[in-house]
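Peer 1: The structure that follows is given in the form of structure tokens.
FYI, it's all coordinate maths here, none of it is from the lab. For clarity, every value in this text was computed on a predicted model and none was experimentally measured. Every residue, glycine among them, receives a Cβ derived from its backbone with ideal geometry; neighbour counts consider all protein chains shown.
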Number of protein chains: 2
Amino acid sequence: MGGKAVCLVSGGMDSAVTVAIAKAEGREIYALTFDYGQRHRREVECAKSIVRHYKAKEHRTLKIDLALFGGSALTDRRMKVPKGRQKADGIPVTYVPARNTIFLSYALAYAEVAGADHIYIGANHIDYSGYPDCRPEYFAAFQRMADLATKRSVEGMPVKIMTPIIGLNKAGIVRKGIELDVPFELTWSCYEGARKACGRCDSCLLRLKGFSQAGAEDPVEYEV
Amino acid sequence: MGGKAVCLVSGGMDSAVTVAIAKAEGREIYALTFDYGQRHRREVECAKSIVRHYKAKEHRTLKIDLALFGGSALTDRRMKVPKGRQKADGIPVTYVPARNTIFLSYALAYAEVAGADHIYIGANHIDYSGYPDCRPEYFAAFQRMADLATKRSVEGMPVKIMTPIIGLNKAGIVRKGIELDVPFELTWSCYEGARKACGRCDSCLLRLKGFSQAGAEDPVEYEV
């Protein structure tokens, strides 16, 4: 418990709950947000509000060039974001190539410079089991690589990758957030990014189902 | 042999020799260069010339925000680049936190999008053994992580990380380059980045020593 932690904060509810857990574990928060040309740009604004709420020591927002690669419905405007829940098998079209690997690599650099001994990431693999880089075995392998990658680690101060919500489904994440008083009204999940959440995209449907299963009301406004 | 390969091209001689090896192994080259606020910006121009020379299928140059993190004499202008060879023990001040991890992560994304089954990186650990992310065990761990990280890998088309010059010292790299007709005059190694190479910085001294030991002349012009 205690020490400094780099927390990946996207503006979505998963990372908000993850920051709340890091805070509850006594960490000093060094927040890191990526602006990677995602369609749901409102998330970046929400990230700022969440970071302010949790009184982070620092907040860095990095503009990164993922869109250059295309290949995902979240960054490539020629691809359509699907309406309704996607089929459960296979890798979703919203998959962004190597996204978590790139995010964690930057987090590793930031941890090295800030002197942080933990990195918190709000990944989970129950609802979106199709993302290869959200699986526990992926994070374990990233950890082993990180242990050999940086000055801190080589000098005996390894950075630990923390995935506190990896085994929770959306309802479990909502429950955890309620327990920790997470300001869900500051979070944004919709892929479409209008003034209100669309209530129809995959991300909205999953979020609404989570709140419903947790017997709670989502404070965010929906179009439908 | 054959197939598509993402090649990291920095403009220095190590990556130039590495591209030559990839080409000799029959790969179609997808070149990737990072513009990360390095002091020796002339490298980025050299990268373009090398890529043109090897008739790459594509060349992407990514601007990345490493300078934000500071912590290295190569990106933080408040730190001095040392003159003369650095001491052999410990990690050099020119170490950039998590640099190869970030570079390889982007390469992994690019490989995924381009459908490449190899990534070539010109890392070597004989002369600069102080960099943690230039060691063979680091690359082996990155490979295991990469095998779990992307759609291609999960679908049985793993991307292989190639480090063909990892065991060579500078003289060995020069010899390999001469054997493969590498246009060394298009490469740049100096940390200072003036019209001529300074001939005094760590990188120049190491390069000159390599050419001298290989019994060859460096076609690049030096101030001294």
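Peer 1: If the reach is capped at under 18 angstrom between alpha carbons, list the aspartates and glutamates near A:Lys48, excluding any in the same chain fewer than eight residues apart.
Peer 2: Of all the aspartates and glutamates, those that pass the test against A:Lys48 - Cα under 18 Å, at least 8 places apart if same chain - are A:Asp14, A:Glu28, A:Asp35, A:Glu58, A:Asp181, A:Glu185.
Peer 1: For B:Leu180, go 7 angstrom from Cα along the Cα-to-Cβ vector, then report the distances to that same point in the other copies in nm, smallest first.
Peer 2: Once sorted, the set of distances for B:Leu180 reads 4.8 nm.
Peer 1: Percent relative contact order of the stretch B:83-224, based on C-alpha pairs within less than 8 angstrom and at least six residues apart?
Peer 2: Worked out over the stretch B:83-224, it gives 24 percent.
Peer 1: Sorting A:Lys176, B:Lys196 on the 10 Å Cβ count, fewest up front, what's the list? Spell out each step's value before the answer.
Peer 2: On the way: A:Lys176 19, B:Lys196 12.
Neighbour counts put them in this order, fewest first: B:Lys196, A:Lys176.
Peer 1: Now, a different point. In nm, what does the list of distances from A:Glu25 to its counterparts in the other copies look like, shortest first, when each label sits 7 Å along Cα to Cβ?
Peer 2: From this label point to the equivalent ones elsewhere in the assembly: 3.9 nm.
Peer 1: Counting only residues 5 or more places away or on other chains, whose amide H sits under 5 Å from the amide H of B:Lys160 once H atoms are built in the peptide plane?
Peer 2: For B:Lys160, whose amide H was placed from the backbone, the distant partners under 5 Å are B:His118, B:Ile119.
Peer 1: Suppose the chain between A:Lys55 and A:Glu137 were pulled fully straight at 0.36 nm per residue; how much longer would it get relative to their current alpha carbon spacing?
Peer 2: In short, 26.3 nm is gained.
Peer 1: Just rank A:Ile21, B:Ile165, fewest to most, by other beta-carbon atoms within 10 angstrom.
Peer 2: A:Ile21, B:Ile165
Peer 1: Enumerate the residues in the stretch A:1-27 having an amide nitrogen under 15 Å from the point lying 7 Å beyond the Cα of A:Ile126 toward its Cβ.
Peer 2: Correct set: A:14-15, A:17-18.
Peer 1: Under 5 Å between amide hydrogens, which residues at least 5 positions from B:Asn124 or on another chain qualify, with H placed 1.01 Å from N in the peptide plane?
Peer 2: Here the answer is none, since no amide H 5 or more places off falls under 5 Å of that of B:Asn124.
Peer 1: Hey, another quick one. How far apart are the A:Arg144 label points across copies, placing each 7 Å from Cα toward Cβ, in nm, shortest first?
Peer 2: 0.2
Peer 1: Testing the spin-label approximation: label points 7 Å from Cα along Cα→Cβ at A:Glu25 and B:Lys196. State their distance in nm.
Peer 2: Reported label-point gap for A:Glu25 and B:Lys196 is 5.6 nm.
Peer 1: Arrange the following residues from fewest to most other Cβ atoms within 10 Å of their Cβ: B:Asp218, B:Asp181, A:Asp147.
Peer 2: B:Asp181, A:Asp147, B:Asp218
Peer 1: I'd like the Karplus ³J(HN,Hα) series for the stretch A:148-156: coefficients 6.51, -1.76, 1.60, θ = phi - 60°, whole numbers in Hz, and an x wherever there's a Gly or Pro.
Peer 2: After applying 6.51 cos²θ - 1.76 cosθ + 1.60, I find 10, 8, 10, 4, 3, 5, 5, 8, x Hz.
Peer 1: Run through the stretch A:153-205 and list the GluC sites (Glu not before Pro) located in a DSSP loop whose Cβ has at most 15 other Cβ atoms within 10 Å.
Peer 2: Details: sites: A:Glu155, A:Glu179, A:Glu185, A:Glu192; in loops: A:Glu155, A:Glu192.
For GluC sites (Glu not before Pro) across the stretch A:153-205 that sit outside H, G, I, E and B with at most 15 neighbouring Cβ atoms in 10 Å, the list reads A:Glu155.
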